[in-house]
């Protein structure tokens, strides 16, 4: 286990693959940690430098008091990649991780040569929705909202499997403060104008049964970027890398090949 001291926060991170491999950076969703990507990593081409981290308030990273801003989350990613001397990465972001990807690409185009915006949007939800979510966590903890969150995360088919318990446990064992902090960051973010300024290879990924960021939202977001393309994974929810890891990995691999990263 590795931890980077970035000043106001310390981030838990992991690097797999050769030091000189082409870097691929993964940023996970609200309420999950870096293990979100475990199902797909063995399915990716060898020789890549695969970088994962727990954003502030999640996993084994430190948990500052809520609320957080998207600017802080983007700066966390920037400082971590500077710490690791990463340039010209492909940044794969899911949900809030996709918002971090957009913000980082606008801020540091030298770091991000291409990005995958998975199950995300330039704006997700609205302030009233997030205020209600934050109030619910403050009143009863993440556990009080877990069933509703899981329903949005996964397809009906997956919710009937024993594996569901793994992901429910991951959700409910996250820090309430970290969940509320990142919820506030999403609430305050509208990247429509800034994302429309981007000119870099972009792949959108969506799940047909995603109750948090449906395909139309993902498509609306990537359409802001000229030349982007979209892939929809049928019968999956908000975390298609969990439900259909082979299709997700194959889609990501094809994109890495398109941009000359493998």
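The values are calculated or read from the model by the stated rules, or taken from the named source; none is laboratory data. Fair warning: this is a prediction, and the values are worked out from it, not measured in the lab. Here the Cβ is made from the backbone with ideal geometry for all residues, glycine too, and neighbour counts use every protein chain on show.
Does residue 31 count as at positive phi, surrounded by fewer than 19 Cβ atoms within 10 Å (Cβ to Cβ) and touching a helix residue (DSSP H, G or I) at 6+ places or on another chain (Cβ under 9 Å)?
Working: at positive phi: yes; surrounded by fewer than 19 Cβ atoms within 10 Å (Cβ to Cβ): no; touching a helix residue (DSSP H, G or I) at 6+ places or on another chain (Cβ under 9 Å): yes.
Criteria not met by residue 31.
Applying the set (1) crowded, with 21+ Cβ neighbours inside 10 Å; (2) closer than 21 Å to residue 189 by Cα to residue 135 leaves exactly one unmet item: (1).
In region 207-222 there is no residue that is surrounded by fewer than 19 Cβ atoms within 10 Å (Cβ to Cβ), more than 28 Å from residue 157 (Cβ to Cβ), in contact with a helix residue (DSSP H, G or I) (Cβ under 8 Å, 6 or more places away or on another chain) and in contact (Cβ under 8 Å) with a residue 12 or more places away in the chain. Only residues that are in contact (Cβ under 8 Å) with a residue 40 or more places away in the chain, in contact with a helix residue (DSSP H, G or I) (Cβ under 7 Å, 6 or more places away or on another chain) and farther than 16 Å from residue 217 by Cα were counted in region 93-115, giving 5.
Reported count of residues in region 216-244, each being in a helix (DSSP H, G or I), in contact with a strand residue (DSSP E or B) (Cβ under 7 Å, 6 or more places away or on another chain) and closer than 16 Å to residue 125 by Cβ, is 2.
With respect to the conditions (1) in contact (Cβ under 8 Å) with a residue 24 or more places away in the chain; (2) over 17 Å from residue 196 (Cα atoms), residue 140 lacks only one, and its number is (1).
This table checks each residue for (1) free of Cβ contacts under 8 Å to residues at least 60 places away in the same chain; (2) more than 17 Å from residue 33 (Cβ to Cβ).
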residue	(1), (2)
149	no, no
153	no, no
159	yes, yes
168	yes, no
173	yes, no
177	no, no
180	no, no
187	no, yes
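Taking residue 181 as the residue in question, decide whether it is surrounded by 21 or more Cβ atoms within 10 Å (Cβ to Cβ), in contact with a strand residue (DSSP E or B) (Cβ under 6 Å, 6 or more places away or on another chain) and closer than 28 Å to residue 61 by Cα. Here the answer is no, as residue 181 does not meet what is asked.
If the Cβ limit is 8 Å and pairs must be 6+ apart or interchain, which residue in region 15-35 that is within 23 Å of residue 254 (Cα to Cα) pairs with which residue that is in a loop (DSSP other than H, G, I, E, B) and at pLDDT below 95? Note: pairs meeting the criteria are 22/262.
Would you check which residues across region 167-210 are within 16 Å of the chain's Cα centre (by Cα), more than 28 Å from residue 88 (Cα to Cα) and assigned to a loop (DSSP other than H, G, I, E, B) and list them? 174, 210 - these are the residues of region 167-210 that are within 16 Å of the chain's Cα centre (by Cα), more than 28 Å from residue 88 (Cα to Cα) and assigned to a loop (DSSP other than H, G, I, E, B).
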